[in-house]
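Comments concern the structure below.
The values are calculated or read from the model by the stated rules, or taken from the named source; none is laboratory data. Owing to the predicted nature of the structure, the values given are computational and were not obtained by experimental measurement. When we count neighbours, we look across all protein chains shown, and the Cβ atoms used for this are built from the backbone with ideal geometry, even at glycine.
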Amino acid sequence: MQPSSTRTGPARNLAPKTQDARRKVTLERIFQASIKEVWDLWTTKEGIESWWGPDGFAVTVQNIDLRPGGELVYAMTATGADQMEYMKKAGMPVTTVSRLTYTEVLPPRRLAYSQTADFIPGVEAYEVPTTVELESKPEGVRMVLTFTAMHDEHWTNMAVMGWESELGKLAKLLEK
């Protein structure tokens with residue numbers, strides 16, 4: 001399976017005249033798989049645990065309630081030596097428990113959720129809305145992932161690198 005190129009969306013303000021105006025970032029892939037296979041990997045405990053988390057991290061789903069208003073609670077643990085060292089030097093725990101709230105669940109085409117970014121030392125918690133759209137195409141399943149940028153460019157770049165790593169793991173899993 002060949003993932004398509006990554007593209008980041010144009011800088012768009014969510015609330016143009018507010019202090020919290022942040023642009024959206026879009027990543028796009030084509031997977032040689034069925035839409036059901038891709039959907040299941042985004043929406044089941046086994047699926048999420050098989051690919052979520054950048055390289056050097058593992059995810060354990062503690063709870064999943066796949067409905068609008070339902071939550072996904074998971075623990076992400078640094079497992080690679082470099083990642084563990086980075087987390088410790090940054091003053092962050094090696095394991096963080098994260099919670100996201102589903103805002104839209106339209107099987108097997110659209111999944112939207114909001115996740116609280118509350119793990120960044122010295123930064124007040126804020127929400128990161130994310131949308132995953134899936135579409136069957138002749139060349140495979142087109143996946144468009146859109147999320148709101150983080151509070152600054154450094155953390156936005158870190159988020160993009162994390163998603164790039166995770167989507168690479170998803171592509172490898174779907175190749176099997």
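Which of the residues spanning segment 121-168 are farther than 19 Å from residue 47 by Cβ and aliphatic (A, V, I, L, M)? Within segment 121-168, 123, 125, 128, 149, 150, 158, 159, 160, 161 meet the criteria. All of 84, 92 fail the test of being farther than 14 Å from residue 42 by Cα, loosely packed, with under 15 Cβ neighbours inside 10 Å and hydrophobic (A, V, I, L, M, F, W, C), apart from 92.
Just give me the residues in segment 122-138 being among the hydrophobic types (A, V, I, L, M, F, W, C) and surrounded by 14 or more Cβ atoms within 10 Å (Cβ to Cβ), in sequence order. Before the answer, list the steps.
Initial filter on segment 122-138 (among the hydrophobic types (A, V, I, L, M, F, W, C)): 123, 125, 128, 132, 134.
The answer is 128, 132, 134.
Taking strands (runs of 3 or more DSSP E) as the structural unit, those lying wholly within segment 90-176 and holding at least 1 residues that are under 18 Å from residue 69 (Cα atoms) and without any contact (Cβ under 8 Å) to a residue 24 or more places away in the chain correspond to 95-106, 110-117, 126-137.
May I ask you to verify whether residue 112 is among the small types (Gly, Ala, Ser) and at pLDDT 95 or above?
On the way: among the small types (Gly, Ala, Ser): yes; at pLDDT 95 or above: yes.
Considered against the rule, which asks whether it is among the small types (Gly, Ala, Ser) and at pLDDT 95 or above, residue 112 comes out as yes.
Mind listing whichever residues of segment 131-176 are in contact with a Leu (Cβ under 9 Å, 6 or more places away or on another chain), more than 16 Å from residue 35 (Cβ to Cβ) and charged (D, E, K, R)? Listed by number, the list holds a single entry, 164.
Among the residues making up segment 139-160, those that are among the small types (Gly, Ala, Ser) and buried (at least 20 other Cβ atoms within 10 Å of the Cβ) are 140, 149.
Is it the case, given these coordinates, that residue 52 is over 26 Å from residue 151 (Cβ atoms) and either at pLDDT 95 or above or not β-branched (Val, Ile, Thr) (or both)?
Details: over 26 Å from residue 151 (Cβ atoms): no; either at pLDDT 95 or above or not β-branched (Val, Ile, Thr) (or both): yes.
For residue 52, the condition - over 26 Å from residue 151 (Cβ atoms) and either at pLDDT 95 or above or not β-branched (Val, Ile, Thr) (or both) - is not met.
Inside segment 53-89, can you point out the residues that are without any contact (Cβ under 8 Å) to a residue 12 or more places away in the chain and under 28 Å from residue 34 (Cβ atoms)? Passing the criteria: only 63. Can you pull out the residues in segment 70-98 that are at pLDDT 95 or above and not β-branched (Val, Ile, Thr)? Across segment 70-98, the qualifying residues are 70, 71, 72, 74, 75.
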